[in-house]
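First comes the structure, then the notes that go with it.
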Amino acid sequence: MCLSLPVCSQKADLCVMTWLLGYMDPSDPCFVAAVFTIIFNPLFWNVVARWEQKTRKLSQAMGSPYLACYVLGGVILLLNILRSHCFTQAMLSQPRMDSLDSPMARLVGLLLLGVGGVLVLSSFFALGFTGTFLGDYFGILKESRVTTFPFSILDNPMYWGSTANYLGWAVVHASPAGLLLTAVVALTYVVAILYEEPFTAEIYRRKTSQPDKRS
C-alpha cells in the first residue's frame, strides 16, 4: 500500500500539469517575458543594493546617499510597472478558466486587491520612500526597525501585499496563467526574504549595540 503512494502522487502531479497546460501555453512569449521580469526585478535590486552597501559607488557618483536611493527607487518603480504590464499581457494572451469566470470569483479577486493595496500602501507610509527602497543599504537607517501596522501583524507586508494584488488580478481575469505567475511571484519573494532579512536584522543589531554618542 505504501509503495503505491509515490506512484499516485506522480499521477496526480501529471494530471495537474496536464490540466494547466490545457488552459495555457508556457512557451508563449508574453508568459516568458512575465516570468523573466518577476524573477529579474528582486535579483536586480538586491545585487545593486549589496554592491552599493559594499562600495558606496552610487552614493559617490550621485554626491549623496539620499539621491542615490531615490534614483534606485525610481528605477525599481519603473521595473515593477513593466512587470505588472507583462503579467497582464501574459494573462490576456492565454485562455480564461470557466470555473473562475463568475461574479463570486470576481468579488474574491477584488477583495484580494483591496487587502493587497492596503498592505502595500500602509507599508510605504510606515517605511517612507528610503525605507521602502533599500535605504538601509545606503546607510540611511531609522532609529529602530518599524513595528507599527502593518508590520505589527505581518512580516514583509509589502511583499505579501504585492502577492495578494497579483493573485486578485489573476482571479478577476479568471486566468490560470495569472495564478501560475502569482506562484512564481510568491516563490521569488520567499527567496528574496531569505536573502534580505538576515542583512536587515544584522545592521539594526549593530546599530542598537553601538553606544549612544549624543550628549
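The values are calculated or read from the model by the stated rules, or taken from the named source; none is laboratory data. The structure presented is a predicted model; accordingly, all values stated were derived computationally and were not measured. Glycine gets a Cβ as well: all are built from the backbone with ideal geometry, and neighbour counts include every protein chain shown. The area values use the complete protein model at the heavy-atom level, side chains included, leaving out ligands, DNA and RNA. Shrake-Rupley method; radii C 1.70, N 1.55, O 1.52, S 1.80 Å.
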Label-point separation in nm, Val146 to Val118, each point 7 Å along Cα→Cβ: 1.7
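For every other residue with a beta carbon closer than 13 angstrom to the beta carbon of Thr200, add +1 if it is Lys or Arg and -1 if Asp or Glu, then tell me the sum.
Numbers: positive: Arg50, Lys142, Arg145, Arg205, Arg206, Lys207; negative: Asp136, Asp155, Glu196, Glu197, Glu202.
Residues close to Thr200 contribute a combined charge of +1.
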Carbon and sulfur %, accessible surface of the stretch 115-214 computed with the full protein complex present, 1.4 Å: 66
Option label - mean projected area of the Cα convex hull in nm² computed here, alternatives (1) 27.4; (2) 11.9; (3) 16.4: (3)
Label-point separation, Phe36 to Ser102 (7 Å along Cα→Cβ), nm: 3.8
Local electrostatic count, Arg50, Cβ distance below 14 Å [Lys/Arg +1, Asp/Glu -1]: -2
Extension reserve of the Asp155-Tyr23 stretch, reckoned as 0.36 nm per residue once the Cα distance is removed: 44.1 nm
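In deg cm²/dmol and to the nearest 500, what is the mean residue ellipticity at 222 nm of the chain if only DSSP H runs of at least 4 residues count, each as -39500 (n - 2.57), divided by the residue total? All intermediate terms of the calculation are to be shown ahead of the outcome.
On the way: 7 runs with 161 residues, N = 215.
After summing the helix terms and dividing by residue count, I get -26500 deg cm²/dmol.
For the chain, return all DSSP H helices satisfying: extent of Cα atoms along own axis at least 15 Å; mean Kyte-Doolittle hydropathy at least 1.0. Can you show the working numbers first?
On the way: long enough: 4-23 (29 Å, 0.75); 29-55 (37 Å, 0.74); 65-92 (40 Å, 1.29); 103-132 (40 Å, 1.65); 157-172 (22 Å, 0.37); 176-209 (49 Å, 0.65).
Within the chain the helices that satisfy the rule are 65-92, 103-132.
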Accessible area (Å², 1.4 Å probe, nearest 10) - Met158: 50
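Given a 1.4 Å probe, how much area per residue of the chain is accessible, in Å²?
Ligands and nucleic acids excluded, the result is 58 Å² per residue.
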Å³ per residue enclosed by the Cα convex hull of the stretch 34-159: 117
Arg50 accessible area, 1.4 Å probe, all protein chains in place, Å² to nearest 10: 50
Heavy-atom accessible area ranking, 1.4 Å probe, most first, across Phe31, Phe149: Phe149, Phe31
Most to least accessible of Trp45, Trp51, Trp160 (protein chains only, probe 1.4 Å): Trp51, Trp160, Trp45
Listed residues Phe44, Phe87, Phe125 arranged by accessible area, highest first, probe 1.4 Å: Phe125, Phe44, Phe87
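What net charge do the residues around Ser93 carry, taking every other residue with its C-beta under 14 Å from that of Ser93, with Lys and Arg at +1 and Asp and Glu at -1? The partial results should precede the final answer.
On the way: positive: Arg96; negative: Asp25, Asp28.
Net local charge, Ser93 excluded: -1.
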